[in-house]
Each structure stands twice: as C-alpha cells, then as structure tokens.
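Trainee: Structure below; questions to follow.
The values are calculated or read from the model by the stated rules, or taken from the named source; none is laboratory data. Everything numeric in this text was worked out from a predicted model, so none of it was measured. With ideal geometry, Cβ positions are generated from the backbone for all residues, glycine too; neighbour counts draw on all protein chains shown. Accessible surface areas use protein heavy atoms only, side chains included; no ligands, DNA or RNA. Shrake-Rupley method; radii C 1.70, N 1.55, O 1.52, S 1.80 Å.
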Amino acid sequence: FTPKDLSTYQDTVKLWADHKESLPWPRSEIPKGEKTKSGCHSHHYWHWSQMFNERQLLSLATLLHAIKDEPNEPCRELLLLAFSGAVERNNLFCRFFNDRNTIQGNFDRHDYAPKADPTENAVWGSAEIRGTFQNMLGRVREGVTFRTAVYDRDLDRLGEPDSLIFSKETIALGAAQILNGDSREVVPAVAQQADAVITDPPYAGNVNYSELYDFFYVWLRLALKDRYDAFKPEYTPKIPEIIENKSRGLSNEDFRDGLRTVFERSRDKLKD
C-alpha cells in the first residue's frame, strides 16, 4: 500500500461525495432480525451502505446506474444477475481466501460476519478474478448457454475433454411454467396433477433466507421496483417464511407445521 494508492482512494472518496446524490444505492436501515441483530447491529452496522467503503459504493452504484439504462429488458435482467454476484464479493464483509488466493464472498457462513481485516476486490477487474463484474457476467453467459443446450457429465469419463453429454433437444421457450410464491399456496393452484414436486426445504433456524436476501434485495429493487410488484416493498417479505426464528416468535413447531403443510399439499397434487 503506497502513498499513490492512498491518493487514488482519497480521489475516489471525493468522487463519491460529488456524485452519490445522483446515483442509485440503498439508503435504508438494516432491520432487526435474528441474524442482523447479532451480525450487524451488535457491531454498529445500522445501514446497508455501511457494509461498503466509498470506492465500492461508487463502483457498484455507477454500474447499477448503467444497467438501469439498458433498453433491452432481458439483457437488463441478466446484467442484474451478474451485478448481484458482484455485490456479494465487493463489500467489507469479504475476506481473503488463503486456500485459493482469492476473495471469499460475505455469505460463506450463511450469516452476517463482520471482518476485522476485510479484503477489497476490484469491481472492474479481470474476468479471471473471482467476484469481479466481468467474472460474474461470464457465469451468466454460461447459464444462458446451458439453457439453450442442456448437458450433463459422463461420470465414467469425468476429466476427459469429451466428458460432456449434450442433449439432442434444446429447451423450447414456454415449455416450463415457473410460479413464484408461498409453496402452501402455489402448489394447490397448479391446474393439473404433477409428475414430480421438487423442493429445496428451509433449514429450521440455521439459514434465515429472507434476512440474508435483504442484502441483495435493497440493491436490486432500485432497478426492479417499477416493473415488478414483488420489489416494491422496502424489504423482502418475512411473515410467510417457513422458519424457526426467535426474533419473529416462530418456534421449531411452527417450522414443522409449515413444512408438513407443503408436503401434504404436494402429495395431493402428485400423480399416483
């Protein structure tokens, strides 16, 4: 760390002060929750913006501003996917990952864990560097490629150049119906009997999804609230979540009852 590095950073701090009023970034407070009260409030993090330094805020807010101006809607939302990944690896809760000589994202432990020695990544860095916007954009491109030519691995030949098995058919647009909402309500609303119900259950009190997702949501809603009603509220919905959470008065029995209801309604919709 040289005097030039310090001077560059000080210039960035001034740029942020000059332009922050015209850029999109989360101004909201961090709400009290089971994970936020211990991982954020107890360490005096009261606003989402405090989880970033000025250079990170300037870079991410400038990037989000440009994405919001992208006229092509599908492209804009794909860019937001890459942006979301970059946010996770460009904040003050990131650490240096010794084993891989790279950046570890802030949710490697599925909670808010402030770092005594945070590591700063480069939002505008090379695609080869984990967590840069270019790196995350590369992952999105891989996802788009996979969607148009679904493939699997031949485990017997794993590691060989031709171990990929490409399907003969591509996924046709409109072939799948995706429903978003509370599983207790979405599953019964499906018109026909289902061949299968695939669910990723919550983990009682171990992973508080809605509290953790607020970290991304407060950024993404700035670009999506005018298009999707689900992004209009300031935070993610907490009440319907099937979880054990003392801060919300939800016991382990509440978690069991909620999950049991999902399984019962899924069973009712399944073919014999």
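Trainee: For segment 222-239, name all the residues that are open to solvent by less than 50 Å² (accessible area, probe 1.4 Å) and within 18 Å of Ser84 (Cα to Cα). Steps first, answer last, please.
Mentor: Filtering segment 222-239 down to residues open to solvent by less than 50 Å² (accessible area, probe 1.4 Å) leaves 222-224, 231, 236, 238.
Leu222, Ala223, Leu224, Phe231, Thr236, listed by residue number.
Trainee: Counting just the residues of segment 38-48 that are in contact (Cβ under 8 Å) with a residue 40 or more places away in the chain and part of a loop (DSSP other than H, G, I, E, B), which one comes out farthest from the chain's Cα centre (by Cα)? Talk me through it step by step, then tell me what you get.
Mentor: Initially, segment 38-48 is screened for residues in contact (Cβ under 8 Å) with a residue 40 or more places away in the chain, giving 38-40, 43, 45, 48.
Next, from what is left, pick out any that are part of a loop (DSSP other than H, G, I, E, B): 40, 45.
Numbers: Cys40: 18, Tyr45: 20 Å.
In this case the residue turns out to be Tyr45.
Trainee: Can you tell me which residue within segment 18-37, out of those that are over 21 Å from Arg248 (Cα atoms) and open to solvent by 60 Å² or more (accessible area, probe 1.4 Å), is farthest from the chain's Cα centre (by Cα)? Steps first, please.
Mentor: First pass over segment 18-37, keeping only residues over 21 Å from Arg248 (Cα atoms): 18-27.
Pick out the ones that are also open to solvent by 60 Å² or more (accessible area, probe 1.4 Å) and you get 18-22, 27.
Working: Asp18: 29, His19: 26, Lys20: 23, Glu21: 25, Ser22: 25, Arg27: 19 Å.
For segment 18-37, the residue satisfying everything is Asp18.
Trainee: Which residues, taken from segment 181-197, are of a type outside the set (Gly, Ala, Ser), more than 25 Å from Ser251 (Cα to Cα) and open to solvent by 50 Å² or more (accessible area, probe 1.4 Å)? Even if it seems obvious, please write down each step before you answer.
Mentor: So the first thing to find is which residues in segment 181-197 are of a type outside the set (Gly, Ala, Ser), and the list is 182, 184-188, 190, 192-193, 195, 197.
Those left that are additionally more than 25 Å from Ser251 (Cα to Cα): 188, 190, 192-193, 195, 197.
Scanning segment 181-197 gives Pro188, Gln192, Gln193, Asp195, Val197.
Trainee: Give the residue, chosen from Ala116, Ala61, Ala66, Ala86, that is in a helix (DSSP H, G or I), over 18 Å from the mean Cα position of the chain (by Cα) and aliphatic (A, V, I, L, M). First the steps, then the outcome.
Mentor: Numbers: Ala116 fails: in a helix (DSSP H, G or I); Ala61 fails: over 18 Å from the mean Cα position of the chain (by Cα); Ala86 fails: over 18 Å from the mean Cα position of the chain (by Cα).
Selected residue: Ala66, the only one of Ala116, Ala61, Ala66, Ala86 that is in a helix (DSSP H, G or I), over 18 Å from the mean Cα position of the chain (by Cα) and aliphatic (A, V, I, L, M).
Trainee: Then there's this: If you take the residues in segment 240-272 that are closer than 20 Å to Ala189 by Cα and hydrophobic (A, V, I, L, M, F, W, C), which one is most open to solvent (accessible area, probe 1.4 Å)?
Mentor: So the residue we want is Phe263.
Trainee: When residues of segment 38-63 are filtered for being at pLDDT below 95 and either surrounded by 15 or more Cβ atoms within 10 Å (Cβ to Cβ) or over 26 Å from Asn206 (Cβ atoms) (or both), how many remain?
Mentor: Our first condition is that a residue be at pLDDT below 95; within segment 38-63, this holds for 38-39.
Now restrict to residues that are either surrounded by 15 or more Cβ atoms within 10 Å (Cβ to Cβ) or over 26 Å from Asn206 (Cβ atoms) (or both): 39.
Of the residues in that region, 1 qualify.
Trainee: Identify, from the list Tyr213, Tyr203, the residue that is under 20 Å from Ser38 (Cα atoms), outside any helix (DSSP H, G or I) and of a type outside the set (Asp, Glu).
Mentor: Working: Tyr213 fails: outside any helix (DSSP H, G or I).
It is Tyr203.
Trainee: Of the conditions (1) in a helix (DSSP H, G or I); (2) closer than 21 Å to Asn106 by Cα, Ser247 fails just one. Which one is it?
Mentor: (2) is the only condition that Ser247 fails.
Trainee: Let me ask something additional. Can you pull out the residues in segment 117-149 that are closer than 27 Å to Tyr209 by Cβ and among the aliphatic types (A, V, I, L, M)?
Mentor: Residues satisfying the conditions are Val123, Met136, Leu137, Val140, Val144.
Trainee: Would you pick out the residues in segment 198-212 that are open to solvent by less than 30 Å² (accessible area, probe 1.4 Å) and β-branched (Val, Ile, Thr)?
Mentor: Of everything in segment 198-212, just one residue is open to solvent by less than 30 Å² (accessible area, probe 1.4 Å) and β-branched (Val, Ile, Thr), namely Val207.
Trainee: May I pose another question? Considering each of Asp117, Asp108, Asp152 in turn, give the residue that is of a type outside the set (A, V, I, L, M, F, W, C), within 28 Å of Ile30 (Cβ to Cβ) and surrounded by 10 or more Cβ atoms within 10 Å (Cβ to Cβ).
Mentor: Numbers: Asp117 fails: surrounded by 10 or more Cβ atoms within 10 Å (Cβ to Cβ); Asp152 fails: within 28 Å of Ile30 (Cβ to Cβ).
The match here is Asp108.
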